[in-house]
Amino acid sequence: MTELTGMTCEELTAWVKEQGYPAFRGKQIFRWIHQGADFDGMTNLSKNLREELAQRAVAQPVSIRTQRRSELDGTVKFLYELKDGNCVEGVLMRYKYGVSLCISTQVGCRMGCRFCASTLEGRVRDLTAGEMLGEILCANRFMAPEGEKVSHVVLMGSGEPLDNYDNVIRFLHLLREEEGIRLSLRNVSLSTCGIVPKMYALAEENLPVTLCVSLHAPNDEIRRMTMPVANTWSIDEILKACRYYIRKTGRRVIFEYALSGGINAGEEQARELAGRLRGMQCHVNLIPLNVVEERGMKGVTEENVRRFLKVLQEENISATRRREMGDDIEGACGQLRRKTINAARGELADAEV
Ligand code: SAH
């Protein structure tokens, strides 16, 4: 089965011709796909053609297996199902400026961060560009009755986007295809744990996406305690790549910093972090660690977050505490998929997914 979702309009047109159909069908099918339609909904195609296509190709590679809506803020967490039965998560958040969707880029992850639920069992496989787009198309279908659409995308679900580089770049290009969903890349953020060579490569792509870096530590010693990737690249190397990215794109970089009691959350660490980021066009997003039971790391108190933030602000580092959304629905990375997998194995009988 050929997956059509990851093709550009030009590629789809070439494919359609190869199959022996007239070229103009390419653009028609491309438009339908980006509108979220499956073959049976492509009403300007004959029934015969739709059936033929459905036997050879996939138009919508992602469906929603389960969803949970937060009573607190309307955030919706999706468990997406892929054609091979794997599932990944996505989170839909409503803000004043629009609707933001957090998508996954891999099934599982091989980065091994100690605090993260997505990486517990390693990487299963990369998502294709079409599957990443499919996550958005699904969310758009979900919101269609309310007349809403995804306006912002963050690559912050499960997976390390820069470990699936080519598919992610292809996906980004699909977003701005003329006949497609036309989502501005200025509304896209990509989060990495700091794969330095790929950060440089991304800077060269000339795409105006916001780069977010999961720093989580003010020095390499602390970073190595929780992030294995810190054994390969130092914070100095990461910051150098960030400066390059800022120069090339003119966009500020966002640093994510998950506070964990007894590890990285002291005022001393706040001061050290400020020292390293001084003079950089950047912003720090503080996140109180979402405790993942299996990982044995501690969270922090409200007071601790406030103190850390205060130090950064006193040191003139732009910083905010990330608004937590969907706290009641397993909003954090990898948690819902994990529960479902566990439930399927009978380890967690009461998982309500
Ligand atoms: N691999 C990419 C993107 C996926 S993770 C990256 O590392 O940036 C998205 C963000 O959630 C990262 O900043 C990650 O470090 C953070 N995260 C993962 N588990 C978390 C947890 N338990 N509590 C708080 N943040 C967490």
Only one of Gly20, Gly26, Gly6 is outside any helix (DSSP H, G or I) and farther than 18 Å from Glu131 by Cα, namely Gly20
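Considering only residues that are more than 9 Å from the ligand (Cβ to nearest atom) and surrounded by fewer than 24 Cβ atoms within 10 Å (Cβ to Cβ), which ones fall in segment 115-128?
Those that are more than 9 Å from the ligand (Cβ to nearest atom) and surrounded by fewer than 24 Cβ atoms within 10 Å (Cβ to Cβ): Leu120, Glu121, Gly122, Arg123, Val124, Arg125, Asp126, Thr128.
Could you tell me how many of the residues in segment 207-222 are over 21 Å from Thr320 (Cα atoms) and either in contact (Cβ under 8 Å) with a residue 12 or more places away in the chain or in contact with a Phe, Trp or Tyr (Cβ under 9 Å, 6 or more places away or on another chain) (or both)?
So the count comes out to 4.
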Picked from segment 148-165 (must be more than 10 Å from the chain's Cα centre (by Cα) and under 25 Å from Lys27 (Cβ atoms)), the residue nearest to the ligand (Cβ to nearest atom) is Val150
Test for Gly6: is it assigned by TED's automatic domain parsing to the domain that holds Gly134 and either in contact with a Cys (Cβ under 7 Å, 6 or more places away or on another chain) or within 30 Å of Gly108 (Cα to Cα) (or both): no
So is Ala230 in a helix (DSSP H, G or I) and away from the ligand (no atom under 12 Å from the Cβ) or not? no
Filtering segment 204-224 for residues that are outside any loop (DSSP other than H, G, I, E, B), out of contact with any strand residue (DSSP E or B) (no Cβ under 8 Å at 6 or more places or on another chain) and surrounded by 15 or more Cβ atoms within 10 Å (Cβ to Cβ) leaves a count of 3
When Ser70 is run through (1) within 19 Å of the chain's Cα centre (by Cα); (2) in contact (Cβ under 8 Å) with a residue 24 or more places away in the chain, the failure sits at (1)
Item checked: Boolean, Gly85 is touching a strand residue (DSSP E or B) at 6+ places or on another chain (Cβ under 9 Å), part of a loop (DSSP other than H, G, I, E, B) and without any contact (Cβ under 8 Å) to a residue 40 or more places away in the chain -> no
Selection from segment 174-202 of residues within 16 Å of the ligand (Cβ to nearest atom) and either closer than 20 Å to Glu148 by Cα or in a strand (DSSP E or B) (or both) yields Val188, Ser189, Leu190, Ser191, Thr192
Flagged pairs (Cβ under 7 angstrom, 6 or more apart or on separate chains; first in segment 1-20, under 16 Å from Pro61 (Cα atoms); second acidic (Asp, Glu)) are Thr8/Glu177
Exactly one of Ala139, Ala144 is surrounded by fewer than 16 Cβ atoms within 10 Å (Cβ to Cβ) and either within 13 Å of the ligand (Cβ to nearest atom) or touching a residue at least 60 places away in the same chain (Cβ under 8 Å) (or both), and that residue is Ala144
Pairs returned, first residue in segment 21-32 that is surrounded by fewer than 20 Cβ atoms within 10 Å (Cβ to Cβ), second residue that is among the charged types (D, E, K, R) and modelled with pLDDT of 95 or more, beta-carbon separation under 7 angstrom, 6 or more apart or interchain, are Ala23/Lys17; Lys27/Glu179; Arg31/Glu179
Within segment 233-264, restricting to residues that are of a type in the set (S, T, N, Q) and free of Cβ contacts under 8 Å to residues at least 60 places away in the same chain, the one that is nearest to the ligand (Cβ to nearest atom) is Asn264
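Select, from Glu221, Glu205, Glu272, the only residue that is closer than 20 Å to Asn316 by Cβ and either more than 16 Å from the ligand (Cβ to nearest atom) or under 22 Å from the mean Cα position of the chain (by Cα) (or both).
Glu272
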Scanning segment 278-308 for residues that are within 16 Å of the ligand (Cβ to nearest atom) and assigned to a helix (DSSP H, G or I) gives Glu293, Glu294, Arg295, Glu302, Asn304, Val305, Phe308
Checking Asn290, Asn304, Asn316 in turn, the sole residue that is over 19 Å from Cys212 (Cα atoms), crowded, with 16+ Cβ neighbours inside 10 Å and of a type outside the set (A, V, I, L, M) turns out to be Asn304
When restricted to Leu79, Leu133, the only residue farther than 20 Å from Glu3 by Cβ, away from the ligand (no atom under 15 Å from the Cβ) and not in a loop (DSSP other than H, G, I, E, B) is Leu79
Selection from segment 105-126 of residues at pLDDT below 95 and of a type in the set (Asp, Glu) yields Glu121
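The values are calculated or read from the model by the stated rules, or taken from the named source; none is laboratory data. No experiment lies behind these values; they were computed from the predicted model shown. All Cβ positions, glycine included, derive from the backbone under ideal geometry; neighbour counts span all protein chains shown.
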